[in-house]
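Some notes on the structure that comes next.
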Amino acid sequence: MNDLKPSLYDFTQKELTQLVKPSFRAKQIYGWIYHQYAQSFEDMKNIPKAMKEELATKYLLNPLKIVNKEESSDGTIKYLLEMQDGKTMEAVWLKMKDEQYDESGELTQEAKYTICVSTQVGCKVGCTFCLTAKGGFTRDLSAGEIVAQVVTLKRDNNHKHNRKINIVYMGMGEPLDNLENLSKAIKIFKEEEGLAIGGKRQTVSTSGLSNKIDKLGEMDLGVHIAISLHAVDDELRTELIPMNKAHNINSIIEAVKRFPIDTRKRVMFEYLVIKGKNDDQASAKKLVKLLTDIKAKVNLIYFNPYPGTPYDRPSRANMVAFQEYLVKHGLLCTIRDSKGIDISAACGQLKEKTQGEI
Ligand code: SF4
């Protein structure tokens, strides 16, 4: 990770055991950072002072600082996080399901949350509907910076380490363009003595780098994939996602067919619906044909306009008609609620706003 100081979140438990002796100290430190969400080396009460001082000279404990936070009425919280080099990126806390109570008012089910994390500062892909793309690419996030987003948001929301959480790699950046650090972060999240977030709770959302979908599949990490398809013909897809020229729809579909998918699961296809571009019945028909041999689920997403965008939000009627066509033809299909619609919900918006650009 360039010449930046690594953080303790950059290491698997095995690596930490090699760095810190005796090994039971590594286990204690792992507990402090993942179970107690320690904010400073001082917090680590049972670690000898000399060891803490030495660790502090070599490693960061808290690689992220919350510099802005916007909370929506639906429970979505969007964070702007600053790293040690002053660069910023976003992570989002999403409430997926409300808590449930029985008739006597007893809590029967806790609320369910998903954290949307970033993998890069900026992005190279250049999607024309995306604010992040406007700023170009700055750098990859380290594995520790990816992991620390989840720890930071769980800590800020008093979400205990052993409460279940889902992760989607769907924030700023193209995760598969930072595959080495992404795969390490996935492994660190899975550590039984850390956060123990299994592969099936982690979804890698990609704009469709077909060769990297294959590489991720070969790693056999047990994660889900989600494909940002957005269009059913290469012409429109190249307009929306210019790198479609190198990774066209057919190459993506073929890579998905080769990906090791848990037989009980479905591959998620994200379809950003834009008024007058891809919200018609002919597109729905083509989509059904394209996904014929795949155990797929389609997630229709309303395009969320931001200042300066040439695209518009589709009508509710078109969304529903699109969904009905897919369902009638055997596809699972949901319309994603526009979570955080009253805050800066499109990718990159909070960062842009905080920098005073919009
Ligand atoms: S939508 Fe995602 S892949 Fe496309 S430019 Fe934005 S961050 Fe990159």
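The values are calculated or read from the model by the stated rules, or taken from the named source; none is laboratory data. These numbers come from a predicted model, not from an experiment. When we count neighbours, we look across all protein chains shown, and the Cβ atoms used for this are built from the backbone with ideal geometry, even at glycine. The area values use the complete protein model at the heavy-atom level, side chains included, leaving out ligands, DNA and RNA. Shrake-Rupley method; radii C 1.70, N 1.55, O 1.52, S 1.80 Å.
Couple of notes before you dig in:
- In this structure, the residue pairs whose Cα-Cα separation is over 22 Å, taken from Lys14/Lys190; Lys265/Lys289; Lys97/Lys265; Lys112/Lys190; Lys134/Lys190, are Lys134/Lys190.
- Calculated accessible area for the chain comes out at 46 Å² per residue, all protein chains present (probe 1.4 Å; ligands, DNA, RNA ignored).
- Low-density loop positions, trypsin sites (Lys or Arg not before Pro), the stretch 222-280 - DSSP coil, at most 14 other Cβ in 10 Å: Arg264, Lys265
- Relative to the dominant Cα principal axis of the chain, helix 210-219 is inclined by about 40°.
- Charge context of Glu54, other residues only, Cβ under 12 angstrom, K/R +1, D/E -1: +4
- The residue among Tyr101, Ala50, Thr334 whose Cα reaches farthest toward the positive pole of the charge dipole of the chain, with charges on the beta-carbon of Lys, Arg, Asp and Glu, is Ala50.
- Distant-in-sequence amide H partners of Lys69 (H built 1.01 Å from N, under 5 Å): Leu80
- Trypsin sites (Lys or Arg not before Pro) within the stretch 20-69, DSSP loop, no more than 15 other Cβ atoms inside 10 Å: Lys45
- Peptide packing for 28-36, 111-119, 157-165, 80-88 was compared via the average number of neighbouring C-beta atoms within 10 Å per residue; ordered from the highest value, the list is 111-119, 28-36, 80-88, 157-165.
- Shape of the chain, Cα gyration tensor, a/c cut at 1.5: prolate
- Phi-based couplings in Hz for the stretch 37-51 (Karplus 6.51, -1.76, 1.60; Gly and Pro marked x): 6, 3, 8, 8, 4, 4, 4, 7, 4, 8, 9, x, 4, 4, 5
- Angle in degrees between helix 143-156 and the longest Cα principal axis of the chain, rounded to the nearest 10: 90
- Per-residue HN-Hα couplings for the stretch 12-21 [Karplus 6.51, -1.76, 1.60; θ = phi - 60°; Hz; x = Gly/Pro]: 6, 5, 5, 5, 5, 5, 6, 7, 10, 10
- Within the stretch 74-99, backbone nitrogen closer than 14 Å to the virtual label 7 Å beyond the Cα of Leu107 toward Cβ: 98-99
- Phi-based couplings in Hz for the stretch 119-129 (Karplus 6.51, -1.76, 1.60; Gly and Pro marked x): 10, 8, 8, x, 6, 8, 5, x, 4, 6, 9
- The stretch 166-200-the stretch 18-72 distance, computed between alpha-carbon centres (Å): 20
- D (Stokes-Einstein, µm²/s), Kirkwood Cα radius, the stretch 188-245, 1.567 mPa s at 4 °C: 99
- Dividing the helix sum by the residues of the chain, where each DSSP H run of 4 or more adds -39500 (n - 2.57), gives a mean residue ellipticity at 222 nm of -9500 deg cm²/dmol.
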